[in-house]
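S.K.: Here's a structure for you.
The values are calculated or read from the model by the stated rules, or taken from the named source; none is laboratory data. In this text the structure is predicted, and so the values were computed from the model without any measurement. Positions of Cβ are backbone-derived with ideal geometry, glycine not excepted, and every protein chain shown enters the neighbour counts. Just the protein is used for accessible areas: all its heavy atoms, side chains included, with ligands, DNA and RNA removed. Shrake-Rupley method; radii C 1.70, N 1.55, O 1.52, S 1.80 Å.
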Amino acid sequence: MKFNSSKVSFGRHETFALRYSWLSKGFHALSNDPSIFESEDATIELGVGKNMVQAIRFWLRACKMMHPTKPETTSLGHLILDENTGFDPYLEDEATIWLIHWLLTTNPELATSFYWFFNKFHKPEFTSQELTTALADFVKGSVDEKRHPALTTIKNDSQLLHRMYTQSKGNSRMPLEDALDSPLALLRLVSQSAGGRSYRSKPESRKELPIGIVGFAVSEILAERELKSIPIEELMYSRGDYPAPGAIFRLSENDLVLKLEELTNYIPGSFEIRETAGIHQLYQLRGLSASEFLSKHYADGLKGVAA
């Protein structure tokens, strides 16, 4: 979760954006056959070309549904995508898309560009070229020189960023297959200007962001940093190369506070906001695991309770 300048990755997606069916399809295939991604039958089993097979494996790893180095599914992957017991094996709940977004952008080792864009890049309006230049500057200034990718790779990553998070326009001239929206476009975290020459990614209220996902994110941060309390400012802005929920979910400062206030009531006795020496901090009152917030969200969904 913490950025390490010598443990980075660029361009492993084969320039293919994540597509709706890929995580489910890839996870279920891997669950049935751990050697599927090395098999000659992978293209038939997954119904895609050879390069797409590698892209699916990358996205499974980048979204933490698959072990980063072994042909194994993760416990979190089973919690969400298991065909029989998973909370949402076919990504039917928008909360799952928010969760995938969080998992991807807190994985700097395998998805460095995504971590950078949502945690370190704060320009609210930008062009594709400006994004490429900014990513190149980040690589030059923050990534171990031995790990520097080619400029072409940096450009591919920056273009994939806005492609994956921007909803395609009906009058686009790109091939239909390339115009298919990534599930992450549903979140509207990036939008394209009317003229199509620039993009926007601004802090907003994000009323559709489920509190259960906020609880999962905050719990992960506290566990990773081995903390029982944290200044709200550090949940808003990336500090010490750790990711921050406020930045990743593109929330304004006020809206992050509102989400955290809701969180204190979501599972009573789990969190509390206090002011100490003039600093507003979030305190974890009891050791709930991050997955317990997911369990509550999906259980409430089955009961018809509003998120």
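S.K.: Only residues that are farther than 26 Å from Ser113 by Cα and in a helix (DSSP H, G or I): list them for the range 231-282, please.
M.R.: Hits for the range 231-282 are Asn254, Val257, Leu258, Lys259, Leu260, Glu261, Glu262, Leu263, Thr264, Asn265, Tyr266.
S.K.: Return only the number of the condition from (1) of a type in the set (Gly, Ala, Ser); (2) open to solvent by 20 Å² or more (accessible area, probe 1.4 Å); (3) over 28 Å from Asn119 (Cα atoms) that Ser21 does not satisfy.
M.R.: All conditions pass for Ser21, except number (3).
S.K.: For a quick check of your reading of the model, give me the residue pairs whose first member lies in the range 28-49 and is more than 18 Å from Met65 (Cβ to Cβ), whose second is of a type in the set (Val, Ile, Thr), with beta-carbon atoms closer than 9 Å and at least 6 apart or on different chains.
M.R.: Partner pairs satisfying both residue conditions: Thr43/Val53; Gly49/Thr43.
S.K.: Can you tell me which of Thr15, Thr96 is of a type in the set (Ser, Thr, Tyr) and in a loop (DSSP other than H, G, I, E, B)?
M.R.: The match here is Thr15.
S.K.: Now, a different point. Limited to the range 228-243, what total is found for residues that are of a type in the set (A, V, I, L, M, F, W, C), touching a residue at least 24 places away in the same chain (Cβ under 8 Å) and surrounded by fewer than 24 Cβ atoms within 10 Å (Cβ to Cβ)?
M.R.: The number of residues fulfilling the criteria is 2.
S.K.: Then there is this: Scan the range 50-72 residue by residue and report those that are in a helix (DSSP H, G or I) and free of Cβ contacts under 8 Å to residues at least 40 places away in the same chain.
M.R.: Lys50, Asn51, Met52, Val53, Ile56, Arg57, Leu60
S.K.: Shifting gears a bit: Within the range 54-69, work out how many residues are out of contact with any strand residue (DSSP E or B) (no Cβ under 8 Å at 6 or more places or on another chain) and open to solvent by 40 Å² or more (accessible area, probe 1.4 Å).
M.R.: Qualifying residue count, the range 54-69: 5.
S.K.: Specify the residue that is modelled with the lowest pLDDT; the eligible residues are those in the range 179-204 that are part of a loop (DSSP other than H, G, I, E, B) and among the hydroxyl-bearing types (Ser, Thr, Tyr).
M.R.: Step by step, filter the range 179-204, then rank; the result is Ser193.
S.K.: Right, something else. Report, by residue number, each residue of the range 122-149 that is assigned to a loop (DSSP other than H, G, I, E, B) and surrounded by fewer than 19 Cβ atoms within 10 Å (Cβ to Cβ).
M.R.: Within the range 122-149, His122, Lys123, Pro124, Thr127, Asp144, His148 qualify.
S.K.: Shifting gears a bit: Restricting the range 283-299 to residues that are outside any helix (DSSP H, G or I) and open to solvent by less than 60 Å² (accessible area, probe 1.4 Å), which is nearest to Ile97 (Cα to Cα)?
M.R.: Ser289
S.K.: Here is a further query. Can you tell me which residue in the range 253-294 is nearest to His78 (Cα to Cα), limited to those that are hydroxyl-bearing (Ser, Thr, Tyr) and in contact (Cβ under 8 Å) with a residue 24 or more places away in the chain?
M.R.: Ser291
S.K.: Inspect all residues belonging to the range 75-89 and state whether any of them is open to solvent by less than 10 Å² (accessible area, probe 1.4 Å), out of contact with any Gly (no Cβ under 6 Å at 6 or more places or on another chain), in contact (Cβ under 8 Å) with a residue 60 or more places away in the chain and among the charged types (D, E, K, R).
M.R.: The answer is yes, given that some residue of the range 75-89 is open to solvent by less than 10 Å² (accessible area, probe 1.4 Å), out of contact with any Gly (no Cβ under 6 Å at 6 or more places or on another chain), in contact (Cβ under 8 Å) with a residue 60 or more places away in the chain and among the charged types (D, E, K, R).
S.K.: Same structure again: When the range 131-150 is examined, which residues are found to be aliphatic (A, V, I, L, M) and over 14 Å from Arg12 (Cα atoms)?
M.R.: Scanning the range 131-150 gives Leu131, Ala134, Leu135, Ala136, Val139, Val143.
S.K.: Check Glu72, Glu109 and return the single one that is surrounded by fewer than 21 Cβ atoms within 10 Å (Cβ to Cβ) and either of a type in the set (S, T, N, Q) or more than 16 Å from Val8 (Cβ to Cβ) (or both).
M.R.: When all the criteria are applied, what remains is Glu72.
S.K.: Residue check: is Asn4 polar (S, T, N, Q), farther than 23 Å from Val139 by Cβ and surrounded by fewer than 21 Cβ atoms within 10 Å (Cβ to Cβ)?
M.R.: For Asn4, the condition - polar (S, T, N, Q), farther than 23 Å from Val139 by Cβ and surrounded by fewer than 21 Cβ atoms within 10 Å (Cβ to Cβ) - is not met.
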